[in-house]
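Please read the structure below before turning to the comments.
The values are calculated or read from the model by the stated rules, or taken from the named source; none is laboratory data. Please read all numbers here as calculations on a predicted model, not as lab measurements. Note that each Cβ is placed from the backbone with ideal geometry, even for glycine, and that neighbours are counted across all protein chains shown.
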Amino acid sequence: MLELSTWTLAGLLPFIAIGFVAQLIDGALGMAFGVISQTLLVTIGVPPAAASASVHLVEVFTTGASGASHIWHRNVDWGLFKRLVPFGVAGGVLGAYLLSNVDASAARPFVMAYLAAIGFYLLYRAFRMNLEPVFADPKTTRPLALVGGFLDAAGGGGWGPVVTSNLLIQGGEPRRIIGTVNSAEFLLALTVSITFLLTIGLEAFTIAAVGLILGGVAAAPFGAIFAKRIRPQLLLFAVSIVLIATSVYSIAKAWPIF
């Protein structure tokens with residue numbers, strides 16, 4: 001744990017900026033905060049379990065603020081929310097416990113390759129979407145939430161990319177899918193943070209976590225506004241680009257030979 005005497009404004013500012021940008025993207029598109037934050041912390045030398053714990057601690061604050069904003073702007077489908085939360089939480093607890101005891105990172109490049117393929121498919125759909133698209137209620141939700149929660153805790157940042165992208169493939173309305181997944185993530189982050197707290201202690205509370213919280217909470221209200229006001233076709237296009245970019249980066253980082 002970082003000593004209070006080392007907490008300076010100069011040390012906080014880079015993390016505040018990263019938290020702000022990451023949450024702005026996450027709030028508007030339903031993904032990317034975990035991936036960006038987790039990658040940053042691991043890059044500067046934080047162990048994977050402590051980095052994931054730190055990100056989820058931050059997300060308790062950022063998803064709480066973001067979820068409240070999405071609720072205010074009526075971006076949440078409560079029926080879908082109730083289907084996602086229990087299984088997402090269960091998967092998150094299992095993933096957090098596994099990461100605290102074994103290294104589960106080996107499967108991450110394969111998951112990212114799958115998500116990159118999903119990103120290209122969503123990009124194809126965005127170009128073909130009509131001006132007045134017809135949306136459908138996603139049917140495959142519970143197993144998806146279980147897998148998304150597990151990957152989020154075990155690999156860092158899997159909830160949004162896995163759940164949002166797959167619900168969009170099933171024909172869900174982008175604004176409501178993004179708002180619902182973002183709001184459900186608050187309960188997932190809270191549960192995973194408690195699990196990490198019980199397994200590895202307070203290692204997550206660092207200057208990085210504090211900066212990410214400040215920046216993320218400041219950006220949270222803006223993401224919901226963007227999700228509400230941007231056209232569905234443009235939202236789907238933006239989601240696909242972010243998904244492809246983050247997935248390809250993760251693959252390249254895991255397999256530098258490529």
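Would a scan of the stretch 204-225 turn up a residue that is modelled with pLDDT under 80 and part of a helix (DSSP H, G or I)? Within the stretch 204-225 (the criterion being modelled with pLDDT under 80 and part of a helix (DSSP H, G or I)), the answer is yes, since at least one residue qualifies. When you look at residue 89, is it of a type outside the set (Gly, Ala, Ser), assigned to a helix (DSSP H, G or I), modelled with pLDDT of 90 or more and out of contact with any Lys or Arg (no Cβ under 7 Å at 6 or more places or on another chain), yes or no? Criteria met by residue 89.
Residues of the stretch 237-258 that are out of contact with any Gly (no Cβ under 7 Å at 6 or more places or on another chain) and at pLDDT below 80: 246, 249, 250, 251, 252, 253, 254, 255, 256, 257, 258.
Based on what the data block shows, is residue 80 modelled with pLDDT of 90 or more, surrounded by 20 or more Cβ atoms within 10 Å (Cβ to Cβ) and either part of a helix (DSSP H, G or I) or of a type in the set (Lys, Arg) (or both)? Working first, answer last.
On the way: modelled with pLDDT of 90 or more: yes; surrounded by 20 or more Cβ atoms within 10 Å (Cβ to Cβ): yes; either part of a helix (DSSP H, G or I) or of a type in the set (Lys, Arg) (or both): yes.
Taking the combined requirement at face value, the residue satisfies it.
Scanning the stretch 10-35 for residues that are buried (at least 24 other Cβ atoms within 10 Å of the Cβ) and under 11 Å from the mean Cα position of the chain (by Cα) yields 22, 23, 26, 27, 29, 30, 31, 32, 33, 34, 35. Does residue 28 meet the test of being under 24 Å from residue 252 (Cβ atoms) and either assigned to a helix (DSSP H, G or I) or at pLDDT 85 or above (or both)? Here the answer is no, as residue 28 does not meet what is asked.
Summed over the stretch 105-163, the residues that are of a type in the set (S, T, N, Q) and at pLDDT 80 or above give a count of 2.
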